[in-house]
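Trainee: Pasting a structure below so you can have a look.
The values are calculated or read from the model by the stated rules, or taken from the named source; none is laboratory data. All values derive from a computational prediction rather than experimental measurement. Note that we place each Cβ from the backbone using ideal geometry, even for glycine, and neighbour counts take in every protein chain shown.
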Amino acid sequence: MKGLGIKYVQLGEWCLNLFLLNCLWFIFSLVGVFLLGVFPATVALFAVLRKLTMESKEEVRIFHLFWKTYKSEFIRGNILGYVWAILGAALLIDVRVLHQVEMTFIHQALTITLYLLLVLYLFITFYLFPIYVHYNLKFLEYYKYAFVLVIGRPIKTILLFASMLLIYFLFSLIPGLIPVFGVSFIGFVLMKMTSSSLKKNNHSHIEEVESFS
């Protein structure tokens with residue numbers, strides 16, 4: 001019974017932390033009028049989640065770490081996010097354009113290729129922010145390394161996709177959870193599931209980010 005009580009306390013602490021992180025993400029996204037705030041806030045969210053999910057007894061000062069990361073990664077976080085967002089928008093535009101063209105064999109082949117690229121894009125997105133807060137890489141290497149993990153760990157990637165689908169159905173059934181845990185819970189699942197893959201990769205050109213510790 002004592003062990004069960006401890007589990008309930010830990011669950012309560014996690015729920016409180018995720019609620020707080022969700023509030024911080026929305027607040028700091030609004031501080032940047034969303035256009036400039038959403039990506040630094042997302043980086044800060046994953047930085048805190050990384051620290052919380054690490055096996056450490058060190059107390060995590062959530063607001064302090066969130067604010068520190070938001071400030072220090074404001075420019076780089078926006079560059080990372082908008083480069084990736086623009087690429088995704090370009091893929092979607094290409095798909096829409098192809099749908100307006102007469103469907104020949106070549107157009108069908110291009111459409112299928114674009115849909116496959118969109119799936120790859122989605123899978124890379126799962127890893128991008130966890131990698132960003134976990135490693136100190138050259139800028140373009142974040143995208144490259146995320147691509148390597150998608151290809152190198154297909155089972156983990158499929159599990160990530162299945163987890164995101166389950167979360168989508170959960171939020172569809174209980175929309176009230178979205179303002180309470182929406183972003184933070186998605187971030188927690190992604191960080192928790194990708195952390196084991198990140199720890200097992202020890203390439204010599206990768207150093208863990210000390211500023212997030």
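Trainee: Which of (1) touching a residue at least 40 places away in the same chain (Cβ under 8 Å); (2) farther than 23 Å from Leu137 by Cβ does Gly37 not meet, given it meets every other one?
Mentor: (1)
Trainee: Still on this structure, please answer the following. Would you mention how many residues in the range 171-194 are exposed (fewer than 14 other Cβ atoms within 10 Å of the Cβ) and over 17 Å from Trp25 (Cβ atoms)?
Mentor: Count: 5.
Trainee: In addition: Answer yes or no: is there a residue in the range 59-78 that is surrounded by 15 or more Cβ atoms within 10 Å (Cβ to Cβ), polar (S, T, N, Q), in contact with a Leu (Cβ under 7 Å, 6 or more places away or on another chain) and over 22 Å from Ser196 (Cα atoms).
Mentor: Yes: the range 59-78 contains one or more residues that are surrounded by 15 or more Cβ atoms within 10 Å (Cβ to Cβ), polar (S, T, N, Q), in contact with a Leu (Cβ under 7 Å, 6 or more places away or on another chain) and over 22 Å from Ser196 (Cα atoms).
Trainee: I would also like to ask the following. Of the residues that make up the range 43-56, is at least one over 15 Å from Ile186 (Cβ atoms), surrounded by fewer than 19 Cβ atoms within 10 Å (Cβ to Cβ) and hydroxyl-bearing (Ser, Thr, Tyr)?
Mentor: Yes, the range 43-56 contains at least one residue that is over 15 Å from Ile186 (Cβ atoms), surrounded by fewer than 19 Cβ atoms within 10 Å (Cβ to Cβ) and hydroxyl-bearing (Ser, Thr, Tyr).
Trainee: Okay, next question. Considering only residues that are at pLDDT below 95, touching a helix residue (DSSP H, G or I) at 6+ places or on another chain (Cβ under 9 Å) and over 23 Å from Leu65 (Cβ atoms), which ones fall in the range 112-137?
Mentor: Once the filter is applied, which keeps residues that are at pLDDT below 95, touching a helix residue (DSSP H, G or I) at 6+ places or on another chain (Cβ under 9 Å) and over 23 Å from Leu65 (Cβ atoms), the range 112-137 yields Leu114, Tyr115.
Trainee: Right, next: Could you check, for the range 15-31, whether at least one of its residues is closer than 19 Å to Thr125 by Cβ and either assigned to a loop (DSSP other than H, G, I, E, B) or of a type in the set (Lys, Arg) (or both)?
Mentor: Among the residues of the range 15-31, not one is closer than 19 Å to Thr125 by Cβ and either assigned to a loop (DSSP other than H, G, I, E, B) or of a type in the set (Lys, Arg) (or both), which makes the answer no.
Trainee: Still on this structure, please answer the following. Which residue pairs have Cβ atoms under 6 Å apart, sit 6 or more places apart or on different chains, and have a first residue in the range 21-33 that is in contact (Cβ under 8 Å) with a residue 40 or more places away in the chain and within 15 Å of His64 (Cβ to Cβ) and a second that is crowded, with 21+ Cβ neighbours inside 10 Å and of a type in the set (S, T, N, Q)?
Mentor: Close Cβ pairs satisfying both conditions: Leu21/Ser184.
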